[in-house]
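What follows draws every value from the coordinates through simple rules; no lab data is involved. Nothing here was measured: the structure is a model prediction, and the numbers come from that model. Methodologically, a virtual Cβ is constructed for each residue, glycine included, from the backbone with ideal geometry; neighbour enumeration extends over all protein chains shown.
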Amino acid sequence: MKFLCLFIIGLIFSPLECLGQTWISKMKQLETSKSTRSDVERVFDLSTPILRRNLAETEVDGWTELFEYETRYGDLEVKFSTGGCSSQQNKAGYDVPAGRLVLAILHPAKRMKIGVLGYDLSRFRIERVNDIDGALEYEHSERGISLSVIKGRVTRIQFDLSKDQLELDCRKSAELSALDGV
C-alpha cells in the first residue's frame, strides 16, 4: 500500500519536474547577440507577445525592442538590439546587429532547485538579499548569467551580454573614435 501511494505521488509530480527541465533546456538554447526573435519564438513555441515596445523610441538611452510573453513555462521577457553603433537609434547600447537577442529573463512557473540547472555555482558571485528571507542573487558576469533564488529554488534566470560582449559598448567605441581623431 505504501509503495502504491509513493507511485501515485511520483506520477503526479513527475510532469512538474519535466516542465522545469524543459524551461531550463529552452533557456540554454538562446544565445545573446546571436539568437533572433524567430529563434526565441520557435524555441518556446510562441506567436504573439503580450507586450511589445521599442525602447529606442521611448527612452533617452534606450537601444532595444522589448517583448513580453506568457509561456507555459512562465513569464518571458526578451530584448533585441535595434542596430549597431552606427544606427541612429543606438548611441548608448552595444554594437549588436538589429534584431539580435541582448537580454532574456524567465520567471519560471515551476520553481526548480538551483542544483538542477547544472551550473558550477562556485563560479558565481553570490549576494544575499537582505529584505527577503532566504533570498540570494547569483551572478556569473563572464557568461552573462544571473539567477534569483529563494530558499534554494530559482525564481528568475537571466541571460545578458557576456563579459566579452560588453566590450561592444557604443559609448566606448565613440570615445576611442574621438581619441583617434585627436
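Multiplying the sequence separation of residue 39 and residue 52 by 0.36 nm and subtracting their Cα-Cα distance, what value in nm do you get? Write out the running numbers ahead of the final one.
Values: separation 13, 0.36 × 13 = 4.68 nm, distance 1.67 nm.
In short, 3.0 nm is gained.
Assuming R0 = 30 Å, can you tell me the calculated FRET efficiency for the pair residue 60 and residue 98, based on Cβ-Cβ distance, to the nearest 0.05?
Working: r = 20 Å, r/R0 = 0.65.
The formula returns an efficiency of 0.95 here.
Under the 0.36 nm per residue contour assumption, what length would be gained going from the current alpha-carbon distance of residue 72 and residue 150 to full extension?
Here the answer is 26.0 nm.
Students often check this: by mean Cβ neighbours within 10 Å, which of 134-147, 93-106 ranks highest, and how do the rest follow? Present the calculation step by step, with values, prior to reporting the outcome.
Values: 134-147: 16.6, 93-106: 20.4.
Highest to lowest by the protection proxy: 93-106, 134-147.
Would you mind computing, in nm to one decimal, how far apart the modelled labels at residue 126 and residue 172 are, each placed 7 Å from Cα along Cα→Cβ?
3.0 nm
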